[in-house]
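**Student:** Structure incoming, see below.
The values are calculated or read from the model by the stated rules, or taken from the named source; none is laboratory data. Keep in mind the model is a prediction, meaning the values are calculated, not measured. Cβ sites come from the backbone with ideal geometry, for glycine too, and all protein chains shown count toward neighbours. The area values use the complete protein model at the heavy-atom level, side chains included, leaving out ligands, DNA and RNA. Shrake-Rupley method; radii C 1.70, N 1.55, O 1.52, S 1.80 Å.
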Amino acid sequence: LKHVDIRKAPGPDQICGPTLRHCADQLGEVFHHLFQRSMDCSQIPLIWKTSSIIPVPKMTRPTKLNDFRPVALTSLIMKIFEKIIKNIMSTVGGNLDPLQFA
């Protein structure tokens, strides 16, 4: 949690990077419990799998819809969880598709 990129936009859960980084010591045990529970139950909370699509302008002054590109904002918590799973899988020796955690 201490290494979360604070410039990343929050996802639908509205948990932002600065909060995670500044409260890492207090939240670490909480998220450890949530991640472990998720692994034990083989379920991921729905809010972690949800994304918000927002239009981002491609140019300074967009005038039509094609001047925007869609960007999906996903939960920072899910991104952290994915990195943990990726590290576990790489130490176990599982073969992952290189695009699995793009």
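**Student:** What number of residues within the range 4-23 are assigned to a helix (DSSP H, G or I), open to solvent by less than 100 Å² (accessible area, probe 1.4 Å) and either of a type in the set (S, T, N, Q) or farther than 17 Å from MET78 by Cβ (or both)? Spell out the reasoning first.
**Tutor:** Of the residues in the range 4-23, the ones assigned to a helix (DSSP H, G or I) are 17-22.
With the extra rule that they be open to solvent by less than 100 Å² (accessible area, probe 1.4 Å), the set shrinks to 17-21.
From what is left, the residues that are either of a type in the set (S, T, N, Q) or farther than 17 Å from MET78 by Cβ (or both) are 18-19.
Number satisfying all stated conditions: 2.
**Student:** Give the range 9-68 a look and list any residue that's of a type in the set (D, E, K, R) and within 15 Å of GLU82 (Cα to Cα), or say none.
**Tutor:** ARG37, LYS49
**Student:** For the range 43-83, how many residues are under 18 Å from the mean Cα position of the chain (by Cα) and either open to solvent by less than 100 Å² (accessible area, probe 1.4 Å) or farther than 22 Å from ARG21 by Cβ (or both)?
**Tutor:** 25
**Student:** Something else now. If we keep just the residues of the range 27-42 that are open to solvent by 100 Å² or more (accessible area, probe 1.4 Å) and in a helix (DSSP H, G or I), which is farthest from ILE15 (Cα to Cα)?
**Tutor:** ASP40
**Student:** Residue under question is ASP13, and the condition is that it be touching a residue at least 40 places away in the same chain (Cβ under 8 Å) and acidic (Asp, Glu); does it hold? Break it down stepwise before answering.
**Tutor:** Working: touching a residue at least 40 places away in the same chain (Cβ under 8 Å): yes; acidic (Asp, Glu): yes.
Yes; evaluated as a whole, the condition is true for this residue.
**Student:** Name the pairs: first residue in the range 40-67 and touching a residue at least 24 places away in the same chain (Cβ under 8 Å), second residue open to solvent by less than 60 Å² (accessible area, probe 1.4 Å) and part of a helix (DSSP H, G or I), Cβ to Cβ under 8 Å, at least 6 apart or on different chains?
**Tutor:** Every condition considered, the pairs that remain are ILE44/SER38; ILE44/MET78; ILE44/PHE81; TRP48/ILE77; TRP48/MET78; TRP48/PHE81; LYS49/MET78.
**Student:** Does the range 43-79 hold any residues that are small (Gly, Ala, Ser) and not in a strand (DSSP E or B), and which are they?
**Tutor:** Hit for the range 43-79 is SER75, nothing else.
**Student:** One residue is enough: does the range 51-67 have a residue meeting the conditions at pLDDT 90 or above, in contact with a Lys or Arg (Cβ under 7 Å, 6 or more places away or on another chain) and not basic (Lys, Arg)?
**Tutor:** Taking every residue of the range 51-67 in turn, at least one turns out to be at pLDDT 90 or above, in contact with a Lys or Arg (Cβ under 7 Å, 6 or more places away or on another chain) and not basic (Lys, Arg).
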